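> I have a structure I would like to understand better, so I am pasting it below and will then ask my questions one at a time.
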Amino acid sequence: MGEAHADIAVIGLAVMGQNLILNMNDHGYEVVAFNRTLERIDDFHAGAASGRDTIVGARSLEELVGLLRRPRKVMLMVRAGQPTDDFIEQLAALLEPGDVIIDGGNANFYDTIRRAKYVEERGLLFVGTGVSGGEEGARHGPSIMPGGSPEAWPLVQEIFQAIAAKTQDGTPCCEWVGDDGAGHYVKMTHNGIEYGDMQVICEAYHLMRDGLGLDAEEMAAVFDGWNEGELNSYLIEITRDILAYRDASGELVLDQILDTAGQKGTGKWTSVSSLDLGVPVTLIGEAVYARCLSALKDERVAASRVLTGPAEKEVDADPGVVEAIGQALLASKIVSYAQGFMLMRAAAASFGWQLDYGAIALMWREGCIIRSQFLDRIQEAFERDPDLPSLLLDDYFSEVLARCQAGWRGTVQLAIERGIPVPAISSALAFYDAYRTERLPANLLQAQRDYFGAHTYERLDQPRGEYFHTDWTGKGGAIASSSYSV
């Protein structure tokens, strides 16, 4: 066992693990690398880590622990679920009180809450951190969202903020999020917003392709123009590049890709959490279901030969229509972010976290997949009002939505007329209309519930919290069901 001299160890040498190690090493940190399959350690040293004497391979967990200076810091970049639990169990038997175990994978935040408790009970410290930005971000500067044991933050802060992406003024896109599962919850919400962002972009592409008849080069030019304005973002930028990309034979690669989308679960977890907390994160939910529907490829092929849509109309690629689609895209993105921050606010209240929403917007400003120009505006909105219940109520965002509203509505109308599905854009508009409506038809819904189940209702002319029951048929009597909300 070698002398203890390394700053941190990383377990898991897949793409993210390797690139984080290289990033740490570039910033002057000596890193121990370990992988369950030992051949991958050799391959890493012979390849990407070649010539780097301060990246040290360990052949066992015992050797890894012995190479680390105290307090030891071990970061797991392994598959979420049981593999993470297995490594935590093994490390807990080897580490000493005050050492830190870091889970940098896409863990379910409930697992992180459980793991933090388990590790802390053994005298160790735990960090569950979101790491966003993919391969490029891990290598050159990701967005990092750490949570867990507060005592661990001073021990990992220097490394994390050194390797994180930086804003233009040099601020690292990494700050302590909160206790136990807070970091992974914020990362989960980030990924949920990412699902929504990608879906509304795909719907804009679908409308321009099949509704307006634009070819790939024309659409690439549209996305290039959007990326120069308010829609400036990483996902708009890469969509432009994808639309313009051709293989060696000159074929558009995009046209060769099967239209069935995959997912790893974080969007679904966001939707499930929103249901648990009673927060209407409708756009993200529609984005998840759109991926599920895309997977029904064989059924959709069969249905396309049986089910009819509207009569075809003459294609109109007027620049005004394209501009309206851009307005619908911008407005829907704002709704997606607004719903995401509403969800985090509800989660903070439920789990006892003290979340700084402006700091979260800053963490997402660079390095991550949903980085975009208007995250600066989100940060400013929460600086103006830290208790802002919804971004839609901020002056800047309400003005943008008002300006985009006609184009947004026109885009949904165009989609309906052409029979082109826009579940995320249309659900965003429906949410906006419901949120701004003083009196929704839920009074009828409550009457229905009281009619068939005696579930009671509140009255406009009585204080909130007082419940009433009507004997609608004259046969039900005065007994009412207890009132509760799940």
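Read-outs throughout are calculated quantities, based only on the coordinates presented, and are distinct from any laboratory measurement. All figures in this text were calculated on a predicted structure; none of them were measured in a lab. Don't worry about glycine lacking a Cβ; one is built from the backbone with ideal geometry, like all the others, and counts go over all protein chains shown.
> Determine how many Å³ per residue the convex hull of the Cα atoms of the chain encloses.
200 Å³
> Still on this structure: Any chance you could run the full-extension gain for LEU275 through ASP210? It's 0.36 nm times the residue separation minus the Cα-Cα distance, nm to one decimal. List each step's numbers first, then the result.
Details: separation 65, 0.36 × 65 = 23.40 nm, distance 3.39 nm.
The span from LEU275 to ASP210 would gain 20.0 nm if fully extended.
> Pick out, in residue order, every one of the chymotrypsin sites (Phe, Trp or Tyr not before Pro) in region 242-301 that is DSSP loop and has at most 15 other C-beta atoms within 10 Å; say none if there are none. It would help to have the intermediate numbers written out before the result.
Values: sites: TYR245, TRP269, TYR289; in loops: TYR245.
Those satisfying the criteria are TYR245.
> Ok, one more. Based on the Cβ-Cβ distance from ALA221 to ARG459, what FRET efficiency comes out when R0 is 51 Å, to the nearest 0.05?
Result of the calculation: an efficiency of 0.35.
> Quick check: pseudo-label points 7 Å beyond the Cα along Cα→Cβ at HIS140 and PHE452, how many nm apart are they?
Those two pseudo-labels are separated by 5.7 nm.
> Ok, one more. Would you report the distance distribution of C-alpha pairs in region 143-209 as whole percents per 10 angstrom bin, up to the bin with the largest distance?
20, 35, 26, 14, 5, 0
> Here's another thing I want to ask about it. Using modelled backbone amide H atoms (1.01 Å from N, in-plane), which distant-in-sequence or interchain residues come within less than 5 Å of ILE102's amide H?
Amide H neighbours of ILE102, under 5 Å, 5+ apart: VAL74, MET75, LEU76, VAL127.
> Which of the trypsin sites (Lys or Arg not before Pro) found in region 235-317 are in a DSSP loop and have at most 15 neighbouring Cβ atoms, other than their own, within 10 Å? Show your work: numbers first, answer last.
Working: sites: ARG240, ARG246, LYS264, LYS268, ARG291, LYS297, ARG300, ARG305, LYS313; in loops: LYS264, ARG305, LYS313.
Of the trypsin sites (Lys or Arg not before Pro), the ones in loops of region 235-317 whose Cβ has at most 15 other Cβ atoms within 10 Å are LYS264, ARG305, LYS313.
> Which angle between 0 and 90 degrees, to the nearest 10, do you get for helix 234-244 versus the longest principal axis of the chain when only C-alpha atoms count?
Taking Cα atoms only, the helix is inclined about 80 degrees.
> When only DSSP loop residues count, what GluC sites (Glu not before Pro) in region 278-350 have their Cβ near at most 15 other Cβ atoms within 10 Å? Write out the running numbers ahead of the final one.
Details: sites: GLU286, GLU299, GLU312, GLU314, GLU323; in loops: GLU312, GLU314.
Filter output for region 278-350: GLU312, GLU314.
> Can you give the calculated 222 nm mean residue ellipticity of the chain, where each DSSP H run of n ≥ 4 adds -39,500 (n - 2.57) and the sum is split over every residue, rounded to the nearest 500 deg cm²/dmol?
-16500 deg cm²/dmol, from helical runs alone.
> Residues of region 124-161 with backbone nitrogen within less than 20 Å of a virtual label 7 Å along the Cα-to-Cβ line of THR37, please, listed as ranges.
Only 135 fall inside the zone, counting backbone N under 20 Å.
> When the Cα centres of region 263-284 and region 90-147 are compared, how far apart do they sit, in Å?
Cα centroid of region 263-284 versus Cα centroid of region 90-147: 23 Å apart.
> Could you give the nm distance between label points at LYS475 and GLU62, where each point is 7 Å from its Cα heading toward the beta carbon?
Reported label-point gap for LYS475 and GLU62 is 7.9 nm.
> Let me ask something additional. So if we plug the beta-carbon distance of HIS27 and LYS117 into 1/(1 + (r/R0)^6) with R0 = 41 Å, what FRET efficiency do we get, rounded to 0.05?
Step by step, r from the Cβ atoms, then E = 0.80.
> Take SER50 and GLU383, extend 7 Å from each Cα along the Cα→Cβ direction, and tell me the distance between the two endpoints in nm.
4.7 nm
> Expressed as a rounded percentage, what relative contact order does region 319-456 have, with Cα pairs under 8 Å and six or more residues apart?
That works out to 31 percent.
> Roughly what angle does helix 423-435 make with the longest principal axis of the chain, taking Cα atoms, 0 to 90 degrees, to the nearest 10?
Tilt of helix 423-435: around 70 degrees.
> Related question: May I have the count of lysine pairs in the chain with C-alpha atoms under 18 Å apart, counting pairs 8 or more residues apart or located on different chains?
5
> Given 0.36 nm per residue, what is the gain on full extension from ASP86 to GLN256 after removing their alpha carbon distance, in nm?
So the extension gain works out to 57.2 nm.
> Taking only C-alpha pairs under 8 Å that are 6+ residues apart, what is the relative contact order of the chain in percent? List each step's numbers first, then the result.
Details: 820 pairs, mean separation 61.0, N = 486.
Relative contact order comes out at 13 percent.
> Going highest first, how would you order 173-186, 59-72, 114-127 by mean Cβ packing within 10 Å?
Sorting 173-186, 59-72, 114-127 by mean packing, highest first, produces 173-186, 114-127, 59-72.
> On a 0 to 90° scale, report how tilted helix 266-277 is relative to the longest principal axis of the chain, with both axes built from alpha carbons and the result rounded to the nearest 10.
With rounding to tens, the tilt is 60 degrees.
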